[in-house]
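Input: a single structure, listed below in structure tokens.
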Amino acid sequence: MDKNLIQRTISGIVYIAVIILCTTPFGAQLFDHISPGIVKQQYLYYGLITFLLIVGTWECIKIMKFGNGYEKWIVLPIVLLIFYMFSKRFFHHDFYFNFRLSEILALALIVIAVVTLFKFTSELYFDSGKLIFTVIYVALPFSFALGLPKFSSYDSNFSLEVIFLFILIWSSDTFAYLVGKFLGKHKMAPKISPKKTWEGYAGGVVLTLVLSYFVEIYQPQLRGNWMIVGFLIAAFAPLGDLVESQLKRTFGVKDSGNIIPGHGGVLDRLDSFLICVPVVYLYFILEKFI
């Protein structure tokens, strides 16, 4: 058997296992066998997101090839400061009781960063532009990810929005790939991602909606309507891949890193996640007012 295939399989299994343990009550239950109550699920989730944030920031710095100016050295402190502000809201459950207009501004900045990457690429050749883009592209999505699950400080209850977000992203990518492979004829963005087709995109949306239907039926405790969430994920997940592909193409980089052997870096694996999280979070905000 091909050694690369074995490596990809093993690292993929480990990656998925870590995601499951940190986004579902299984993680805390596993630690309970060692010492009851030693770790609460919200801390495992917070640790996962913090780790991904730090590694993702470092990968983005390497991709964009910062110079030796001060911008390179203040990126991570600024990212961590923004994440700390969201962290306080996470542990005080403030995401569920208070809506802030600053959240809409932050979401708008993500849109501006994406438009800049595709339409005003020259702005990213300056270290100041690289600094702003990295902070927006990495810090804000991972910070908003803290606002997706709900948990109780008094028991082991931890909601499953994040793991189903991952599942639907994985299904969207898989369905789009399979449909595109067998039926794809019309290229979506041939210069950025030659393998993506409109047929694959449509197949990913339709089949992810089917899976979302079962999530909505069998997981009624989740916030929002998961038919809508599934559609948003299937619609925006390919954009996440295109954004990261465009970023790497702009700076002549093949992979964001190699932390996941055979699969690349954090940004390679979570490109769709970085775009879908803000979109789903915005939906959860709007859903409160409907």
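The values are calculated or read from the model by the stated rules, or taken from the named source; none is laboratory data. Since the structure is predicted, the reported quantities are computational estimates derived from the model, not experimental observations. All Cβ positions, glycine included, derive from the backbone under ideal geometry; neighbour counts span all protein chains shown. The area values use the complete protein model at the heavy-atom level, side chains included, leaving out ligands, DNA and RNA. Shrake-Rupley method; radii C 1.70, N 1.55, O 1.52, S 1.80 Å.
Rank Asp268, Asp32, Asp255 by mean-square fluctuation in a GNM of the chain with C-alpha springs under 10 angstrom and give only the top-ranked residue.
Among Asp268, Asp32, Asp255, the largest GNM mean-square fluctuation belongs to Asp32.
Which cross-chain or sequence-distant (5 or more) residues have an amide H under 5 Å from the amide H of Ala189, H modelled 1.01 Å from N in plane?
For Ala189, the qualifying residues are Lys196.
Hydropathy first: keep DSSP H helices in the chain averaging at least 0.0 on Kyte-Doolittle, then drop any whose Cα extent along the axis falls short of 18 Å, and list what survives.
3-23, 41-64, 70-91, 101-119, 161-183, 198-218, 226-250, 271-287
Kindly identify the chain as rounded, prolate or oblate by the Cα gyration tensor criterion: order the square roots of the eigenvalues as a ≥ b ≥ c, call it rounded if a/c is under 1.5, otherwise compare a/b with b/c, prolate if a/b is larger, else oblate.
rounded
Could you sort out which of Lys187/Lys248; Lys119/Lys187; Lys62/Lys119; Lys130/Lys288; Lys119/Lys288; Lys65/Lys88 sit more than 25 Å apart by Cα distance in this structure?
Lys130/Lys288; Lys119/Lys288; Lys65/Lys88
Could you tell me what percent of the accessible area of the chain is made up of carbon and sulfur, with a 1.4 Å probe and every protein chain present?
Carbon and sulfur together cover 69 percent of it.
Taking trypsin sites (Lys or Arg not before Pro) as exposed when DSSP calls them loop (any state but H, G, I, E, B) and at most 14 other Cβ atoms lie within 10 Å, what is the longest stretch of the chain free of them, the sites themselves excluded?
Formally, the longest exposed-site-free interval is 101-184.
Taking the Cβ of Gly224 as the center, what net charge do the other residues with Cβ under 11 Å away carry, scoring Lys and Arg +1 and Asp and Glu -1? Each step should come with its number before you reach the end.
Numbers: positive: Arg223, Lys288; negative: Glu161, Glu216, Glu287.
Summing Lys and Arg as +1 and Asp and Glu as -1 gives -1.
When ranked by the protection proxy of mean other Cβ atoms within 10 Å per residue, highest first, what sequence do the peptides 261-267, 9-15 form?
So the order, starting with the most tightly packed, is 261-267, 9-15.
Summing +1 for each Lys or Arg and -1 for each Asp or Glu, what net charge is found among the other residues whose Cβ lies under 12 Å from the Cβ of Thr121?
+2
First check a/c for region 1-92, with a ≥ b ≥ c the square roots of the eigenvalues of its C-alpha gyration tensor; if it is under 1.5, answer rounded, and if not, answer prolate when a/b is larger than b/c or oblate otherwise.
oblate
For labels at His92 and Ile285 in the simple 7 Å Cα→Cβ model, what's the distance in nm?
Once both label points are built, they end up 1.9 nm from each other.
Can you compute the modelled spin-label distance between Leu105 and Lys65, with each label point 7 Å from Cα toward Cβ, in nm?
3.4 nm
Need the list of aspartates and glutamates near Lys150 for cross-linking: C-alpha distance under 14 angstrom, and skip anything on the same chain fewer than eight residues off.
Candidates past the 8-residue exclusion: Asp94, Glu161.
Keeping all protein chains in place, calculate the accessible area per residue for region 1-140 (probe 1.4 angstrom), answer in Å².
Using a 1.4 Å probe on heavy atoms only, each residue of region 1-140 averages 57 Å².
Given axes a ≥ b ≥ c from the Cα gyration tensor, I'd like to know whether region 183-254 is rounded (a/c under 1.5), prolate (a/b larger than b/c) or oblate.
On the way: a/c = 4.31, a/b = 1.93, b/c = 2.24.
Cα axes put region 183-254 in the oblate bin.
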